[in-house]
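Let me begin by presenting the structure, written as structure tokens, before commenting on it.
The values are calculated or read from the model by the stated rules, or taken from the named source; none is laboratory data. All figures in this text were calculated on a predicted structure; none of them were measured in a lab. Glycine also receives a Cβ, built like all others from the backbone with ideal geometry; neighbour counts cover every protein chain displayed.
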Amino acid sequence: MSAGGGTKAILAALAANAGIAVAKFVGFLFTGSSSMLAESVHSLADTSNQGLLLLGQRSSRRRATREHPFGFGRDRYFYSFVVALMLFTLGSAFALYEGIHKVQHPEPLSAPLVAVLILVVAIGLEAYSFVTAMGESRKIKGDVTWWGFIRQSRTPELPVVLLEDTGALFGLLFALIGVGLSEVTGDPVWDGIGTIMIGTLLGVIAIILIVEMKSLLIGEGATDAQLEAIVAELTGGDVERVIHIRTQYLGPDELLVAAKLALAPNLELSRVAFAIDEAEARVRAKVPVARLIYLEPDLDRQIA
């Protein structure tokens, strides 16, 4: 897909997280809640992350150079990987540290109703961002499950925003539970426990993103459906079969296809060239993301 849908989801998340970060920090100043502080840092990290995703999109549009002949499409994977690292360090590690500290040294909350009000408003804003990301993702998700979409997507921004928003919503609920139980029971330890739950959740999400973005950076091939379609379109006319094929995403919008094709024997050179051109055209029409195609004609030496 183009970056358009991802950009819309990023901008929605950026606007929501920026406002939420300010509100949460004000809430922390009023209440002294560790859950509110952890959520403030979480939203600040998310806001920075959206900026990094936008930077990655812009950087990836640079023209190819002699040093980088296939362009800079993987910049979007790199910046998404940095986002995952920031979520782990600024979000998870800080929340775990703050939560453990508050459990060991509990402090009573002041003005807990202010924290509750801010958290409820924040849940509404995060829900808007989440619904936007879901809507943009549905356009390209197809019939796969949401987990399958996150695992198989070659476009990093939407899975990143989806997981971040999911983590943010659950994090807000954990903070609300922690503050609520602290007020109901009179025991501020619950606020620290809520903060630890937030840190654990962010750590799990960050690890998932790190693993996925690492895989994309190393280089992932076409999806099973795409590969099946490419092989089907390559075969036909004077192309008898695909001897072997290799694919790799050079960026979310650019797939490299290299294949050796078995052609009918005794073809004239002009007919070989025509068969290759026709096969390439069929692939481009069926799988538009296959922008770089290198086909090598050969004789079928397969033993019957």
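Annotations for the structure displayed:
- The sole residue among GLY71, GLY32, GLY19, GLY51 that is on the phi > 0 side of the Ramachandran plot and under 24 Å from the mean Cα position of the chain (by Cα) is GLY71.
- Listed by first and then second residue, the pairs linking a residue in the stretch 140-153 that is over 15 Å from GLU220 (Cα atoms) to a residue that is assigned to a loop (DSSP other than H, G, I, E, B), with Cβ atoms under 8 Å apart and 6 or more places separating them unless they lie on different chains, are ILE140/MET1; ILE140/SER153; ILE140/THR155.
- Of all the listed residues (VAL204, VAL161), the sole one being modelled with pLDDT of 90 or more, closer than 30 Å to ASP75 by Cα and of a type in the set (A, V, I, L, M) is VAL204.
- Of all residues making up the stretch 80-98, the number that are within 27 Å of PRO159 (Cβ to Cβ) and touching a residue at least 60 places away in the same chain (Cβ under 8 Å): 13
- Taken as a whole, the condition of being more than 23 Å from ILE210 (Cβ to Cβ) and either touching a residue at least 12 places away in the same chain (Cβ under 8 Å) or among the polar types (S, T, N, Q) (or both) applies to PHE70.
- Pick from the stretch 100-112, criterion under 35 Å from the mean Cα position of the chain (by Cα) and over 14 Å from GLY32 (Cβ atoms), ranking: surrounded by the fewest Cβ atoms within 10 Å (Cβ to Cβ): ILE100
- All strands (runs of 3 or more DSSP E) inside the stretch 227-302 with 1 or more residues being out of contact with any strand residue (DSSP E or B) (no Cβ under 9 Å at 6 or more places or on another chain): 239-251
- Any hit, the stretch 64-74, residues being within 23 Å of PHE130 (Cβ to Cβ) and surrounded by 15 or more Cβ atoms within 10 Å (Cβ to Cβ): no
- Within the stretch 238-257, if we keep just the residues that are in contact with a Leu (Cβ under 9 Å, 6 or more places away or on another chain) and more than 15 Å from VAL289 (Cβ to Cβ), the residue that is surrounded by the most Cβ atoms within 10 Å (Cβ to Cβ) turns out to be VAL239.
- Unmet requirement for GLY199, which otherwise passes all of (1) crowded, with 22+ Cβ neighbours inside 10 Å; (2) without any contact (Cβ under 8 Å) to a residue 12 or more places away in the chain: (2)
- For first residues located in the stretch 25-47 and under 10 Å from GLU98 (Cβ atoms) and outside the structural domain of THR166 (by TED's automatic domain parsing), partners that are part of a helix (DSSP H, G or I) and modelled with pLDDT of 85 or more and lie 6+ apart or on another chain with Cβ distances below 6 Å do not occur.
- Residues of the stretch 173-192 satisfying the condition of being buried (at least 21 other Cβ atoms within 10 Å of the Cβ) and either touching a Lys or Arg at 6+ places or on another chain (Cβ under 9 Å) or among the charged types (D, E, K, R) (or both): ALA175, PRO188, ASP191, GLY192
- Residues being over 16 Å from GLU39 (Cα atoms) and either at pLDDT 90 or above or buried (at least 20 other Cβ atoms within 10 Å of the Cβ) (or both) - total across the stretch 83-99: 2
- Any pair with Cβ under 8 angstrom, 6 or more apart, that starts in the stretch 235-264 at a residue that is among the hydroxyl-bearing types (Ser, Thr, Tyr) and ends at one that is exposed (fewer than 15 other Cβ atoms within 10 Å of the Cβ) and not in a strand (DSSP E or B): TYR249/GLY219
- Qualifying positions in the stretch 122-135 - of a type outside the set (Phe, Trp, Tyr), surrounded by fewer than 23 Cβ atoms within 10 Å (Cβ to Cβ) and in contact (Cβ under 8 Å) with a residue 40 or more places away in the chain: ILE123, LEU125, ALA127, THR132
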